[in-house]
Structure formats: structure tokens, C-alpha cells
């Protein structure tokens, strides 16, 4: 028995839901869950269909393609765990959360390896019997260092690359190698409080909420399609250290939720936005 997820993205027109679900019925497929959304501003239709059954995938896809309007696309995915490589620097909170959730099955991923430009998180990674590769940037320019990182990533052939507080800017070459397959997390103060010590800057300004954003990486720094965001409220009793601690909590659960959406095939990228079926 096959269990598949069909992701359909096409110009909107009448009868799409009926046509696609009828095709599933024709192939004796049991639809387990179906979500759809129409972006009226761009006349675009999105549908995520989970189904099970034994079927001829080639015949199904040929008929499906004929049903879709011009400019339409689809992807047929299995529910197998996605393979990820995690890049880190020194901060442990996001990595630790992913490691724990993966270990206990709360996050449907296979962590192939962790790569760091410092060895700070080596011991944490190896506690979960996972390989850690320390590739120092010392004495190397950005391009030289990233070539070493990219070569190591390629050895694991990941479905996605996760930047778990990896504090290095990626080159366009690496971004192009994994289009919409690199996921980053950062605090949501941006574009305010750029640079070092953002929580000290936020404290000095007296902000009353702290947030985090998980997004796909593009060549526009921290401006790729947003997958997930959240905020928590603060008040005058928060000093900079307490703000930073609260910020780490938001970052780790926003990143893990974003990963869950992506790994469960619930995310469509459209332009510089996403459609996320929760």
C-alpha cells in the first residue's frame, strides 16, 4: 500500500478539486486529507492531497498533467523522512531542540550530519551518535571556506540544509545549489537592530515584544519566503539577558515548527511568499 502526498499548484479555474479527486477515485485511491487554497490576487490554486492505495504512478501522473491548466505544476511525494544537514556556529538552543525532537520522533527528519565553523557543538552532536564536521573559517575568505562546507554537504546528499544559528552569510553559488531547500532562523527585529548584540539594542530601545522568523534562504539576505513566525510579549522587568533567553526560546520553536511544515510537505513557495497548510 502506497501512501503519497500530491501537491498541486496551477492557475485557478472551475472544477479543479472535482477533477483531481475524481482522478484519485478512478485509480482506487483513498483520500485521507485534502487542503486547498485560492490566491485570488494572483488567480492561483494550491492543493495538498494525502492518499493511499496501490496505483500506476506513471498513468496517474500522465492523466493529472492533462487535467491541469497551462502553467500548472504538481509534485508527488512520499512520506519518507527527509534527510537534512545542519550548519551551526556556537549557539546550542536550535540544534539541541532539533536533535531532541528528531531523537524522540517529534520531528520527521533524518539528520545526516552537523557541520560547524567552530567545534563548540561537537560534544552535543556526538551525544546523539551523529557525525560532526568542524570546518574552521580561520585564515580563509568566505568563498574558500564555503567551498569546503559545500563539499562536505554534498557527501550527504541532503534534501534540505538547516541553518541553526549559523552565523555566516552564504554565497549565491551555494544558495543556487539548493533552491528553496535552505532554511534559516533569525530574530524578527530585522531590519531594526542589525549587527551584534540585537537584544541589548532591543533592551535599550524598550521593545515590548520579541519574535523569530524562519524562512527559505535566497540571495536577498534574510528576505526569503517566510515559513513561520511567532512573538512573545515582554515588559520593563526584562533586562537584555532575559530578553536574549526569551528570544532563544522563540527561535527554537519557530524553527522546529517551520521544519515540521516543510518535512510534512505542507509548504508551497509562490513568488517571495509561502502557502502553508497547517
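Assorted remarks:
- For the chain, the longest principal axis of the Cα atoms and the long axis of helix 142-156 meet at an angle of about 50 degrees.
- Pair residue 245, residue 278: separation of 7 Å Cα→Cβ label points (nm): 2.8
- Averaging the sequence gap over all C-alpha pairs within less than 8 Å and six or more residues apart, then dividing by the number of residues, gives the stretch 1-99 a relative contact order of 40 percent.
- Relative contact order of the stretch 179-278: 28 percent, from C-alpha pairs under 8 Å at least 6 residues apart in sequence.
- Exposure proxy ranking for 249, 123, based on other Cβ atoms within 10 angstrom of each Cβ and starting from the fewest, stands as 123, 249.
- Available extension along the chain between residue 73 and residue 23 is 16.4 nm, counting 0.36 nm per residue and deducting the alpha carbon span.
- Full-extension gain in nm, residue 120 to residue 221, via 0.36 nm per residue minus C-alpha separation: 33.8 nm
- Whether the stretch 82-276 is rounded, prolate or oblate, judged on the alpha carbon gyration tensor where a/c under 1.5 counts as rounded: rounded
- Dividing the convex hull volume of the alpha carbon atoms of the stretch 2-78 by its residue count gives 76 Å³ per residue.
- Within the chain, helix-based [θ] at 222 nm, where runs of 4 or more DSSP H residues each add -39,500 (n - 2.57), nearest 500: -10000 deg cm²/dmol
- Between residue 232 and residue 173, the contour length at 0.36 nm per residue exceeds the alpha carbon distance by 17.7 nm.
- Taking the chain as a Gaussian network of alpha-carbon nodes connected by springs under 10 Å, the highest mean-square fluctuation of the residues 21, 49, 89 belongs to 21.
- When only Cα pairs below 8 angstrom with a gap of at least 6 residues are kept, the chain shows a relative contact order of 15 percent.
- Ascending count of other beta-carbon atoms within 10 Å, so fewest first, for 173, 36, 138, 50: 138, 173, 36, 50
- Taking 259, 7 and counting other C-beta atoms within 10 Å, the order from fewest to most: 7, 259
- Taking every DSSP beta bridge that has both ends in the stretch 82-276, the antiparallel portion is near 50%.
- Spin-label zone in the stretch 1-25 - amide nitrogen under 20 Å from a point set 7 Å from the Cα of residue 61 along the C-beta vector: 1-11, 20-25
- Rounded to 10°, Cα long-axis angle of helix 16-26 versus longest principal axis of the chain: 70
Each reported figure results from applying straightforward, stated rules to the coordinates on display, with no laboratory input. Quick caveat: nothing in here was measured; it's all calculated off a predicted structure. Neighbour counts run over all protein chains shown; Cβ positions are idealised from the backbone, glycine included.
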